[in-house]
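Working notes, beginning with the structure itself.
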Amino acid sequence: MREELIISGRSNPYIDPHLDIWHWPIPLYLFLGGLAAGILFFAALFYILGKEESLKSVVRKAPIVTPFLLVAGLGALFYDLNNKLYFWQLYTVIRFESPMSWGAWTLMVITPASFIWAALHIREIFPRWEWPWHWAKRAELFFNSHKYVLAWIMVIFSLILGVYTGILFSAFNARPLWNTSILGPLFLASGLSAGAAVTVLISRDRSERIFMTRIDLIILVVKLFLIVHFFMGFLASTQVHIDAARLFLGGPWTAPFWVFVVIVGIVVPALLEILELRGRHVPAAIPAILVLFGSLMFRFIFTFAGQESRWLY
Amino acid sequence: MRYAMAVDTRKCVGCSDCVVACQTENSVPVGYCRDWVVEVTDGTYPQLQTEIRSERCNQCGNAPCVRCCPTGSSHYADGGIVLVKPRRCIGCGACITSCPYDARYPHPDGYVDKCTFCIHLIKRGQQPSCVAVCPTRCIYFGDMDDPNSEVSRVLSHRRYKSLIPEAGTDPYLYFLL
């Protein structure tokens, strides 16, 4: 039997035996960022479409959580930096070739936008809220009169944020499992469905819940379709890509991926949502929580499995 | 000017002197290395063949680490050598992830570190420490643009390969076969 034996004298911490440089803060941030992108996208989109009154929770209430999500995500990112004191160097250049530079600047736009949007709708939670400062009142007037522009900025930058979390991975040709541009749409779809799930959790209005459940169901089906494409693309590609796909097709990540991401995160909530839309009584929180759990697991599994995939030479 | 290195896999005995010389010359933290020795045994017993390679950063012409660096800390220096500016590095790990050769590592001081072809020695007209120390003289170094440099001469009459050129990195570390 032909055999190949590779002995390497290298054993750098976090590099060998396989890459282990990105730990839990990265997938956590990807989840929080994608989730915030999803919530902000629907809020701004339905505001632009003039549905503010019929979809109150989507447009006004749900976005109030996004500043917290984004700040927590940024905190996780900062925690993961090894040279924390130099983080400001991100904002001294714009590097078009680096997805991380794109992401850093996108966050610089979308985070303040989420704060402003949340502040404009703070009365959804505290009905008698009054800003104690004069400048804040003037700022509120200003942004209220330019809300349409703000909504367009949010639509565009939330889409960039949602896609970029996937592009960040797909730009690394050194990790074959990540090296597919389908990851951009896949991460966006995952973020949007998570965002829709949160609005379903927050909404108290049945017709609004049904509407968002229907959107969530469509996105879940698209996501399933993208996952099928993901494997088709890999299995028709080079040996390193076939080996990478095998991590999920018989390899060590097979059970976590198919059980948590596909079955628990997509198939089961999609079936429950179909039952709900057919008029059966299903507690709305169950599919929503499963979708959120699936989105989180999707990012954790992709981050860790991707670091195990590599070129062999 | 384009610096390159060629390692003779037929002369290398895998003694790891290059590794120790590099660690000493560049004060590489204990437990880490910028260069390393790989032994690949291939074939069907008893017809086995072993190749010994002293590996390090490939100083790629199309370096994914430079491309993905969000701050411009990873850059091309004179002669195509890929370097890290520690005071611009935020330690995000993108370059480490982007390297198909896994040639970079996180330095305990926070920044990312890698082989520099001993640029500080080259500037003084000396050879990189791994080249200078090699007891079998199996590492050749020099300027690819100069047809009379040691590396150009050895590559002109020997068969050679580079590692995973199909990754599109345009590597400048060659292995003589």
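Observations
- Taking all Cα-Cα distances within segment A:25-308, those exceeding 35 Å account for 20%.
- Its convex hull of Cα atoms gives the protein assembly as shown a direction-averaged projected area, equal to a quarter of the hull surface, of 27.1 nm².
- Reduction of at least 20 Å² in accessible surface, 1.4 Å probe, comparing all protein chains with the chain by itself, residues of segment B:137-177: B:Ile164, B:Glu166, B:Ala167
- Of all lysines in the structure, those lying under 19 Å Cα to Cα from A:Lys56, and not within fewer than 8 positions of it along the same chain, are A:Lys147.
- Shielding by other protein chains, A:19-27, mean Cβ within 10 Å: 3
- Cβ-derived FRET efficiency at R0 51 Å, B:Arg159 paired with A:Met232, nearest 0.05: 0.85
- Sum of -39500 (n - 2.57) over DSSP H runs of 4+, divided by residues of the protein assembly as shown (222 nm, nearest 500): -15000 deg cm²/dmol
- Total formal charge among the other residues, if their Cβ is under 14 angstrom from that of A:Ser295, Lys/Arg +1 and Asp/Glu -1: +1
- Centre-to-centre, using Cα atoms only, segment A:194-243 and segment B:3-73 are separated by 43 Å.
- Calculated FRET efficiency for the pair B:Asn148/A:Phe68, C-beta based, R₀ 56 Å, to 0.05: 0.30
- Reported to the nearest whole Å, the Cα centre-to-centre distance from segment A:7-67 to segment B:105-177 is 42.
- Total accessible area lost when A and B pair, probe 1.4 Å, Å² to nearest 100: 3900
- Amide proton proximity set for B:Tyr160, modelled H, under 5 Å, gap of 5+: B:Leu177
- Volume per residue for segment A:1-121 equals 193 cubic angstrom (convex hull of Cα atoms).
- Taking amide H as placed 1.01 Å from N in the peptide plane, the amide H of B:Ser74 sits under 5 Å from that of B:Lys85, each at least 5 places away or on another chain.
- Debye equation applied to the C-alpha atoms of segment B:3-176, log10 I(q)/I(0) at 0.10, 0.11, 0.15, 0.16 Å⁻¹: -0.38, -0.46, -0.86, -0.98
- Only lysine pairs 8 or more places apart or on separate chains count here, and in segment B:3-176 those with Cα atoms under 23 Å apart total 5.
- Once exposed loop trypsin sites (Lys or Arg not before Pro) are cut out (DSSP; at most 13 other Cβ, 10 Å), longest piece of chain A: A:3-127
- Given 10 as the ceiling on other Cβ atoms within 10 Å, longest exposed-site-free region of chain A for GluC sites (Glu not before Pro) in DSSP loops: A:131-313
- Amide H contacts of B:Tyr174 (H built 1.01 Å from N, under 5 Å, at least 5 apart or other chain): B:Met5, B:Ala6, B:Val7
- Hydrophobic long helices, here whole DSSP H runs in chain A with Kyte-Doolittle means of at least 0.0 and Cα atoms spread over 15 Å or more along the helix axis, are found at A:25-48, A:66-80, A:99-120, A:147-170, A:183-202, A:206-235, A:285-308.
The values are calculated or read from the model by the stated rules, or taken from the named source; none is laboratory data. Values in this document were obtained by computation on a predicted structure and should not be read as measured data. Note: ideal-geometry Cβ built from the backbone for every residue, glycine included; neighbour counts use all protein chains shown. Side chains are part of the model used for accessible areas, which takes the heavy atoms of the whole protein and leaves out ligands, DNA and RNA. Shrake-Rupley method; radii C 1.70, N 1.55, O 1.52, S 1.80 Å.
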